[in-house]
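Asker: Let me begin by handing over the structure; questions about it come next.
The values are calculated or read from the model by the stated rules, or taken from the named source; none is laboratory data. The structure displayed is predicted, hence computed values, not measured ones. A quick note on method: Cβ atoms are made from the backbone with ideal geometry, for glycine too, and the neighbour counts reach across all protein chains shown.
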Amino acid sequence: MRILGIDHVVLRVAELQRALDFYCGALGCAVERRRDDIGLLQLRAGSALIDLVPVDGALGRSGGPPPGESGRNVDHVCLLVEPFDVAAIAARLRAAGAPVGEVARRYGAVGESDSLYTRDPDGNTIELKAPR
């Protein structure tokens, strides 16, 4: 068996529209598939998917209480972004009301490259990373 990459990440969210606005508006994801019957919205993020599961939906309720200040379900998700134009990324995040962390060289699947951290409206940490 050989791992090829990340297929998808599932994030539990308190307000679906607020999360959708962030991931599609601020980060540029696109809605790929919607399953309102179970409470699942799948967003295309490059070659992977980010699944948003509202905590008040059928699927979300099965995961227990929503994430909060004292606990999270995920440490962070790292997305490769191109071009890695720090000024443009920062402007886009600020326009969405998201924080912009410091740029630093960090190691990941593509090796060392610049990245920065932000948070989505539910407090999930998102790392935006430059390709090699």
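Asker: Can Val53 be described as surrounded by 12 or more Cβ atoms within 10 Å (Cβ to Cβ), touching a Lys or Arg at 6+ places or on another chain (Cβ under 7 Å) and either without any contact (Cβ under 8 Å) to a residue 40 or more places away in the chain or on the phi < 0 side of the Ramachandran plot (or both)?
Answerer: It is true that Val53 is surrounded by 12 or more Cβ atoms within 10 Å (Cβ to Cβ), touching a Lys or Arg at 6+ places or on another chain (Cβ under 7 Å) and either without any contact (Cβ under 8 Å) to a residue 40 or more places away in the chain or on the phi < 0 side of the Ramachandran plot (or both).
Asker: Given the conditions (1) touching a Lys or Arg at 6+ places or on another chain (Cβ under 8 Å); (2) free of Cβ contacts under 8 Å to residues at least 12 places away in the same chain, report the number of the one that Gln17 does not fulfil.
Answerer: (1)
Asker: Would you check which residues across the range 10-34 are surrounded by 19 or more Cβ atoms within 10 Å (Cβ to Cβ) and in a strand (DSSP E or B) and list them?
Answerer: Answer for the range 10-34, where residues must be surrounded by 19 or more Cβ atoms within 10 Å (Cβ to Cβ) and in a strand (DSSP E or B): Leu11, Arg12, Val13.
Asker: Same structure, new question: For Ile38, work out the one condition from (1) outside any loop (DSSP other than H, G, I, E, B); (2) in contact with a strand residue (DSSP E or B) (Cβ under 9 Å, 6 or more places away or on another chain); (3) at pLDDT 90 or above it doesn't fulfil.
Answerer: The one condition Ile38 does not meet is (1).
Asker: Let me ask another. Identify the residue in the range 63-109 that is out of contact with any Gly (no Cβ under 9 Å at 6 or more places or on another chain), surrounded by 13 or more Cβ atoms within 10 Å (Cβ to Cβ) and of a type in the set (Lys, Arg) and, among all such residues, is modelled with the lowest pLDDT.
Answerer: Here the residue is Arg106.
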